[in-house]
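K.L.:
This structure is in structure tokens; I'll ask about it shortly.
All of the numbers you see were taken from the coordinates with simple rules; none came from a lab. Model, not experiment: these values are computed from the prediction. Neighbour counts run over all protein chains shown; Cβ positions are idealised from the backbone, glycine included.
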Amino acid sequence: MPAAGQRRVPPVAGLELQHNGSRSQNFSSINGRNVQSVSFGFNARPTTEQRVTIPAFKINTDKGEITVASVSFDVGAATVQGGQLTLDQVVGSKFVVPQTVWAGEVFPLTYRITALKRFLNSLGSEHPEWDSLPLNPEPWPKYQLADELKNGEPWINVTYTTRAIARDPGAITLNPARHVVALNTGRRDIFGFAQQEQFAITSDQPKITVKPLPAGAPAKFSGAVGQFKLESKIVPENAAVGEPITWTLTLSGQGNWPDIQSLPPRSVSKDFHAIQPQVKRTPQGENALYEFTLSEDVVLVPTKPGPYTLGPVEWSYFDPAQGRYVTITAPAAKIDVTPAANAAAPIFAGSGTQAATPAPDALTLADAPKQPANIPGDPLPSAAPAPTPLPRSPLILYLLAAGLWPLLLWLVLAFLRARRTDPNRPQREARARIQKTLAAIDETPAAERERLASLLQAWQHDTAILWKIPQVVPSASLFLKTNDKETGAAWSALWSDSERALYRAGSPLPPDWSSRAHAALAAKRARGFNPFSLFAPRNLFPLAAALAVSFSLFTLHPSLFGATNTSSAQTPEAAYKSGDFKTAETAWRRAVEAAPTDWVSRHNLSLSLAQQDRWAEAGAHAFAAFVQHPNEPAVLRNVLLTLSRAGYTPSAVAEVTRPGPVREVALRFAPAQWQCALGISVALAALAFAFVLLAVYGRRFRLPLFILAGAAFGFAALGVTVSLLSLHAYGSAKDERAVIVWKSGSLRSIPTVADTTQKTTPLAAGTVAIVDKDFPGWVRLVFEDGQTGWVPREDTVRLWK
């Protein structure tokens, strides 16, 4: 059987290949020999009329690696009706565009499929496959059908008409559009149904000349191109001091609206207090990008009586129909402000006095207003992406690294203890001192008897240690009690000569004593250190552990490092605040696809979906933002709002979203951060263990080390407990492969909707599961009880990637 992920063939120039999901398996047994074969189906579409070769490639199977032989095809022109007609004689497609346009001009863009009516059966897709760059078109609308008669035979036109702009001047050649069409072959199957064949048709590539805007633009021109209308309205035209006046300015029309962000500025007298709300941006039609209404209501509160003039307001744009710059004007309006009806100073008066308060008996108390219902809030500014939880295996390695590091210092301290307690260590040190003493004797003249006597006594002291002689006053005969008689005799003679020189008057050292002492020392070796002695019980117990890197383990978590978001030139926040929620949704969805752990974009995408009453999907993205960054109040409010409107609650984090102590603690950190906290707690426990070992091995500060160890063990136990409980509260959502199902449907045995014989079971919205396999358009879910099944990919939202 082929291994997972082995259904891909290498890319082939001039040929588009895509696995169509089909698979067949055959098993046979001939003369006791079993033969098994597996076949996978691919859809192939040639893109050129020339010989196409699929090169040989290798595939891994459970029987080893096998090689698929290469194959070649000769691609010719497509024909219809058994080769009687070419494809071009039956169906074709083309663009209809103007030859010249101005930079930024909105122009009509038409894509049309023309086909013989008796051949065209259906379209393979609702819209053509087309790379629109460098144009910026509106989405393709629903196509229109029209019949026409050519050469006495009926034809059908499938027409898509939209609008587009080209921002930069120059010559443009449109990319070709591709469309799959199903044509009748003229034959019928055994059931009487007409047989069809699918063909991919390619459109023409017309050229457009984009002219730059002419010179001489007015000073107030800000780049608008199109046809616009500017209106000004003031309500009321007469008011008293302290009464609000609303001045509404409205700009509407067709033009390059993505490049128009604000209305022209207005100036008013300092005698008014102005309250300026957000600009309201309203598209004129579904999916409209180039026809909007931009309105702004400024509330003016007069502080002084008298006549005033508001306006005029001017705005300049380029009219491509006239080929010139146009300045439109909203005329000025006069208003009359009368004194306030009472003597009390207005609320906004510059004197700082407050309006008079009516007497208490003149008040009529009403019920306190109710708290308004929650609605989607404002988008959040960009922030660093959330850390991704570690998978199970790296997490185990991380915890092992945090908890087992004391073993290293244990071995180090055991080694040092073994060196310190080595029984042969005194002999090695004594031998080294004897060598230095003999060198000093060689340099001391015989006349310096006191110095020579001191050196001989030092030699005797170290010699007794080297030979392990326990007597306080050793005799020369003790050296003869050894297996090496020759070496013992040499040392016995040297000892006797040193005794006479020290304690018998007038008896100097023999002239050859020093040379004989050097030779005897060379023959007498001290046993070296055995490294394996560190494993002796006296050295391994009491234990010791490595010090240092405990708190640096925090930085070992690889998911803690993440670059901050980079803001794009056109942020979706402006589109959201102007009411263009569809544009904001598209931009934030792209940001989420590029950085799945960008919790801010997840949150803002949920807001834009909620504004369009798409609560089920909004709840899924709000839930993903909540899991990634749970300690943000705006994120928590949004997830509670969207899930309540979506009608489901993910069971995986029911404890986290329910008020209580678990929520208060678990919401402090995201799952990846609780993993880090768990690792730090384990490292702290290891550090406490190290303190115990250092106290047992060491000779000083034992009591403080034991106290530190007890405190560290207490904090470590608390940290491990809290971390594990918090991670448990997140349920399956803490897994990096987790998804949430936002659309109720069915859990299927195989990834297809065509096979009606397969077993299915209902799958509720809000289900959180783990994805272990992918298939084109499908994902396989794994649940905590081991249940698995397939669901459409579009019905799920991945929480981390």
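K.L.:
Rounded if a/c is under 1.5, else prolate if a/b beats b/c, else oblate: with a ≥ b ≥ c from the C-alpha gyration tensor eigenvalues square-rooted, which is region 166-246?
P.N.:
oblate
K.L.:
Shifting gears a bit: Expressed in nm to one decimal, what extension gain is obtained for the pair residue 774 and residue 229 from 0.36 nm per residue of sequence separation less their Cα-Cα distance?
P.N.:
Stretched out fully, the residue 774 to residue 229 stretch lengthens by 190.9 nm.
K.L.:
Starting from the Cα gyration tensor of region 738-798, take the square roots of the eigenvalues, sort them a ≥ b ≥ c, and report rounded, prolate or oblate (rounded when a/c is under 1.5, otherwise prolate if a/b is larger than b/c, else oblate).
P.N.:
Rounded.
K.L.:
How would region 15-76 be classified by its alpha-carbon gyration tensor: rounded, prolate or oblate, with rounded meaning a/c under 1.5 and the a/b versus b/c comparison settling the rest?
P.N.:
Cα axes put region 15-76 in the prolate bin.
K.L.:
Using the Cβ atoms and a cut-off under 12 Å, what net charge is assigned to the surroundings of residue 782, where Lys and Arg are +1 and Asp and Glu are -1?
P.N.:
Neighbour charge sum, excluding residue 782 itself: -1.
K.L.:
Using 0.36 nm per residue of separation minus the Cα-Cα distance, give me the extension gain between residue 168 and residue 468 in nm, one decimal.
P.N.:
Difference between extended and current length: 98.2 nm.
K.L.:
Here is a follow-up. Of 229/304; 304/577; 94/150, which ones are farther than 25 Å apart at the Cα?
P.N.:
229/304; 304/577
K.L.:
Taking amide H positions as placed in the peptide plane 1.01 Å from N, state which residues far from residue 778 in sequence (5 or more) or on other chains have amide H under 5 Å from it.
P.N.:
793
K.L.:
At 0.36 nm per residue, and after removing the present C-alpha to C-alpha distance, how many nm does the segment from residue 267 to residue 129 gain when stretched out fully?
P.N.:
Going from the current span to full extension adds 44.7 nm.
K.L.:
Amide H neighbours of residue 47 under 5 Å, at least 5 residues apart or on other chains, H built in the peptide plane: list them.
P.N.:
The list, which skips near neighbours in sequence, is 15, 16.
K.L.:
At 7 Å along the Cα-to-beta-carbon direction for both residue 383 and residue 65, put a label point, then send me their distance in nm to one decimal.
P.N.:
It works out to 4.8 nm between the two label points.
K.L.:
How far apart, in nm, are two points set 7 Å out from the Cα along the Cα-to-Cβ line at residue 334 and at residue 304?
P.N.:
Taking the simple label geometry, residue 334 and residue 304 are separated by 1.9 nm.
K.L.:
Please list, ordered by chain and number, the residues whose modelled amide H lies under 5 Å from the amide H of residue 246; skip anything fewer than 5 residues away on the same chain.
P.N.:
When sequence neighbours closer than 5 places are left aside, the close amide H contacts are 235, 300.
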